[in-house]
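Beneath this line is the structure, given in structure tokens, with notes to follow.
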Protein chains: 2
Amino acid sequence: MSSMKTLFESEPIVVNLGLKEFAGNLAERGYEVTHVEWKPPAGGDDELVRLLQKLRPLAGQIDEANRTAVERMFAVNPVLTEIARAGDVVPGLDDYTILHAGPPTSWEQMCGPLKGAVLGAILFEGWAATLEEAENLAFSGKIRFDSCHHHSAVGPMTGVLPPSMPVFVVKDRASGGVAFASLNEGLGKVLRFGANGVEVLERLAFMRDELMPFLDTLVRMAGGIDVKPIVSQALQMGDECHNRNKASSALLLKELVPHVPRVDMPVEAVERCLSFVSSNEHFFLNLSMAAAKVTMDAARDVDFSTLVTAMTRNGTDFGISVSGLGNCWFTARAKDVDGLFFPGYGPEDANPDMGDSTITETSGIGGFAMAGAIPIVKFVGGTSEDALRFTRSMYGITVAENSAYGLPALNFRGTPTGIDIRKVIALDELPVLNTGIAHKEAGIGQIGAGVARAPHECFVKALRAFVNEYVSEGE
Amino acid sequence: MSSMKTLFESEPIVVNLGLKEFAGNLAERGYEVTHVEWKPPAGGDDELVRLLQKLRPLAGQIDEANRTAVERMFAVNPVLTEIARAGDVVPGLDDYTILHAGPPTSWEQMCGPLKGAVLGAILFEGWAATLEEAENLAFSGKIRFDSCHHHSAVGPMTGVLPPSMPVFVVKDRASGGVAFASLNEGLGKVLRFGANGVEVLERLAFMRDELMPFLDTLVRMAGGIDVKPIVSQALQMGDECHNRNKASSALLLKELVPHVPRVDMPVEAVERCLSFVSSNEHFFLNLSMAAAKVTMDAARDVDFSTLVTAMTRNGTDFGISVSGLGNCWFTARAKDVDGLFFPGYGPEDANPDMGDSTITETSGIGGFAMAGAIPIVKFVGGTSEDALRFTRSMYGITVAENSAYGLPALNFRGTPTGIDIRKVIALDELPVLNTGIAHKEAGIGQIGAGVARAPHECFVKALRAFVNEYVSEGE
């Protein structure tokens, strides 16, 4: 039917690949244009294309390993069993040890809020009496700093965890694995954003002296709290269990409440505890993180797996770990967050992206489940369509869909789960992370919330290391 | 540019109005077809077209009256102030009076579940000792039956309300108006579905003796509970506050919980109350209904207004009232519900549509807010797209959008609010109602849930009455 002759006789019908602008220009001129989304593989980077090609012969093995890793994730059944003093349950969290979010760092390299939180933790522990003494101690080398992640723990923002803080203890009923997370302090001036004044220390003392025994008693009386059903319900109730935890926090409270009358504590203390928990719409966040941590730890150390097992930031660096590559961190400078700022603050005040809370995205919720949490766009910016788009775009870089976490707005499609570093590089699509924004100076606290992307460089480094590890020298 | 000649030279481009099938047939044959949704006005009914035409000259006055009515609705600020014995607060609810859902009816005309609930209420009040005695009493004419709606009250399903039952008391802070609703008994065998056995009566006694003083104390200590903010949040958390009340019930509990330690009741009683409320995912429903009732009563008696102020069913008849038409009921036979049945039951077991709970749809939530409650399709059938479609279709028959109730899935568009009988008739689009399905026999209880439509005939009768009332004889 068609020939060169008819081609030039009729109006052109244009198929446009890649840059949308060309399609727009032609459409404006009245031509019929079909636009096809397309990006060159691996952003057109020759080295990355070569690295991906080197993995081609291993594709079967890698896919199989990733299936194994993600099946282990899905098998995890996390249950909150107790609330305990961190030093009593977190392995290696001894006196004069302070854990922090993100990949390992040193006092000298720490960002402002992290330093502020470390000083607060030293005061809270009574290892120093003044901020000056605390700073001298931090500088002296007597304090051992380490990543929460190295101790089965996670913490939001600075993630600072000294031994006397209470932690959620989350056990995997299936494997017996365990993970820990600090308890959420609420909003305003809080240690996790680097504040360390009297009100911060008093709140931490209340959490240690009253909230810890109160919650521990309730959780034990409830016979433990299954976390997965709460997350599953909350994803249908506007939460993504990272930046929005309103439904999950209310559902958790609902599970605990029937046991309140049996708590043997003074009425005033019970009142303080109930008010604290019921007024904190992010109370579930840290529990969500501990559950995500125990889930991702189950997926570690699967040979040939390109699955990301952690994404985390210390406020200076962003690090990822990969199942087939053991305990290595692949790091890059943490990026800025694109979001909405509280009145009086702007991007120039913001610390770069920070905290262990991206363990939620690593496990397939948080930013990956934005389609379940459309109301969040009021908090981080954007439209309801953006929320759906964020989730949809993550299906491309993940290896499975979590049928336990169905998203109503996507007709109950499961959340995109299990990030494959090959897919991230090949599609040049970086993981979407929901996050709070901290002021870059210690002591000021949260100044906004938004969406960030994991740095490309982390995935490049991981891919290089993976090729190094698994592709024999001959090729 | 175009002429008859060119018309026949090129391929036809078809615009199809109305029946979609024609467009499909042409499209299958390869023609370019644009389908336009279209129905003849008023379903093509000549009488209805004439009635609507008679109202044309009054359009300005009617639109203005409807604006007034809907503004009164939006101004209502409903607050739960106390939980009290119905006979002590509901006007005219004296001994030997029993209120019921829907338009007025008599013992002889009552459907099976309503009769069952009436007998249960008589036993609960101690007016009879056996079911047989109760039936004789009901039949004797000694009991005065009346619609809840005639006493500022509403009740779900049978809506049976005798004097000793506890009720939510909801006051409008703005106007001082007040409305009442019974407390939700939970699922299974319950009075509102016509069950009247020992477990039903024991539960009602617990609700009267323990739950009423417990909740009343909490509500008073909380200084009252504002209902609108809970509805507003819950619509962003998967509830439509009629058939799904999971988030709203949890949010209500969260408001009450901090006051629990100060309740001066035996520990066992407090435990029973907390367990009862925390395990009932529909506990908020009756409060939602009372708030909707006080809202709609504010919109009553606006001259020239075609706004629907109540839609309700007694299990036999469906009735609506209209703002400009006083206290008249415009009734028709209640319809069947299209929904999902619990295992072992089917449409042949179902009682027709029943209850006052459609006051929620009348006020712009419930089925009208389905787009805020996509998870509900798992309960009533359909897909997530259906949920959006139900809400979208209701914008056509309503006069306003409630900006206080933004729907995330529709990019925070306000719920369609204020049903205009003219629009219902003109578009031939009937209000969407979410509802439970009761077994047609007394005592069996809920057998499913689904979606119903208000009967067309109610709106036809109301339109006739409106024309009669407001259009002068000359025309």
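Readers should treat all values here as calculations from the given coordinates under stated rules, not as data from a laboratory. Here the structure is a predicted model, which is why all the values come from computation and not from measurement. Heads up, the Cβs are rebuilt from the backbone with ideal geometry, glycines too, and the neighbour counts pull from every protein chain shown.
Shape verdict for the stretch A:288-432, please, from the Cα gyration tensor: rounded (a/c under 1.5), prolate (a/b greater than b/c) or oblate. Oblate, because a/c is 1.5 or more while a/b does not exceed b/c.
Amide H contacts under 5 Å for A:Ala153: A:Phe180, restricted to partners 5 or more places along the chain or on a different chain, H placed in the peptide plane at 1.01 Å from N.
Against chain A, whose longest principal axis comes from its Cα atoms, helix A:112-125 is set at around 30 degrees. Averaged over the residues of B:369-377, the number of partner chain Cβ atoms lying within 10 Å of the residue Cβ comes to 3.
Residue-wise HN-Hα couplings along the stretch A:356-367, as the Karplus relation 6.51 cos²θ - 1.76 cosθ + 1.60 with θ = phi - 60° gives them from phi, are 7, 5, 5, 4, 5, 5, 4, 8, x, 10, x, x Hz; Gly and Pro carry x. With an a/c value of 1.5 or above and a/b not larger than b/c for the gyration tensor axes a ≥ b ≥ c computed over the alpha-carbon atoms, the stretch A:409-472 is described as oblate. For chain A, the longest principal axis of the alpha carbon atoms and the long axis of helix A:212-221 meet at an angle near 70°.
Over the stretch A:332-475, what is the relative contact order in whole percent, taking alpha-carbon pairs under 8 Å and six or more residues apart?
Numbers: 256 pairs, mean separation 43.7, N = 144.
Result for the stretch A:332-475 is 30 percent.
Anisotropy class assigned to the protein assembly as shown is oblate, per the alpha carbon gyration tensor with a/c at or over the 1.5 cut-off and a/b no larger than b/c. For the residues of B:248-261, the average number of beta carbons from a partner chain within 10 Å of their own beta carbon is 6. Extending 7 Å from the Cα toward the beta-carbon at both B:Asp336 and B:Glu348 defines two label points whose distance is 1.1 nm. Taking amide H positions as modeled 1.01 Å from N, with prolines and chain starts lacking one, the residues under 5 Å from A:Arg144 and 5 or more places away or on another chain are A:Thr97, A:Ile98. Over all distinct Cα-Cα pairs of chain B, the Kirkwood formula returns a hydrodynamic radius of 23.2 Å. Take each peptide in A:236-243, A:453-460, B:64-71, count the other Cβ atoms within 10 Å of every residue, and average; sorted highest first, the result is A:236-243, A:453-460, B:64-71. Of the beta bridges in the protein assembly as shown, as assigned by DSSP with both residues counted there, near 80 percent are antiparallel. Counting charges near B:Val70 (Lys, Arg +1; Asp, Glu -1) among other residues having Cβ under 12 Å from its Cβ returns a value of -3. Neighbours of A:Leu99 by Cβ distance under 12 Å: Lys/Arg scored +1, Asp/Glu scored -1, total -2. A protection proxy built from the mean count of other Cβ atoms within 10 Å ranks the segments B:411-421, B:149-159, most packed first, as B:149-159, B:411-421. Contact order, relative form, for chain B: 19 percent (alpha carbon pairs under 8 Å, 6 or more residues apart, mean separation divided by residue count).
Given C-alpha coordinates of the stretch A:66-210, what is the ratio Rg to Rh with the Kirkwood estimate of Rh? Walk me through the intermediate numbers first.
Details: Rg = 15.8 Å, Rh = 15.7 Å.
The Rg/Rh ratio comes out at 1.01.
Taking the alpha-carbon distance from B:Lys423 and a cut-off under 13 Å, which aspartates and glutamates remain once sequence neighbours fewer than 8 residues away in the same chain are dropped? Correct list for B:Lys423: B:Asp63.
Counts of other chain beta carbons within 10 angstrom of each beta carbon in peptide A:225-236 average 2. A protection proxy built from the mean count of other Cβ atoms within 10 Å ranks the segments B:33-44, A:307-318, B:72-83, most packed first, as A:307-318, B:72-83, B:33-44. Shown in residue order for the stretch A:243-253 are the 3J(HN,Hα) couplings computed by the Karplus curve 6.51 cos²θ - 1.76 cosθ + 1.60 at θ = phi - 60°: 8, 10, 9, 5, 5, 4, 5, 5, 5, 4, 4 Hz (x for Gly and Pro). Backbone N atoms of the stretch B:417-440 closer than 16 Å to the 7 Å Cα→Cβ label point of B:Arg67 are not found in any residue. For A:Lys115, the lysines whose Cα falls under 20 Å of its own Cα, not counting residues fewer than eight places away in the same chain, are A:Lys142, A:Lys189, A:Lys335, A:Lys440. Each residue of the stretch B:151-164 is assigned a 3J(HN,Hα), and the resulting list reads 10, 6, 10, 9, x, x, 6, 5, x, 5, 9, x, x, 8 Hz, derived from the Karplus form 6.51 cos²θ - 1.76 cosθ + 1.60 (θ = phi - 60°), x at Gly and Pro. Annotation: amide H of B:Gly448 within the under-5 Å range of B:Phe342, B:Ile437, sequence separation 5 or more or interchain, hydrogens built in the peptide plane.
Counting only C-alpha contacts under 8 Å and six or more residues apart, can you give the relative contact order of the stretch B:78-290 as a whole percent? Write down the numbers at each step before the final one.
Working: 396 pairs, mean separation 57.5, N = 213.
It comes to 27 percent, rounded to a whole number.
For A:Leu137, neighbours were defined as the other residues whose beta-carbon sits under 15 Å from its Cβ, and their charges (Lys and Arg +1, Asp and Glu -1) total -3.
Modelled spin-label separation between A:Ser275 and A:Glu32, with each label point placed 7 Å from Cα along the Cα-to-Cβ direction: 7.0 nm.
Extent along the principal axes, Cα only, for the stretch A:164-280: 40, 33, 28 Å, with the longest axis given first.
Counting only lysines at least 8 places from A:Lys254 when in the same chain, those with an alpha carbon closer than 23 Å to its own are A:Lys171, A:Lys228, A:Lys246, B:Lys228, B:Lys246, B:Lys254, B:Lys378.
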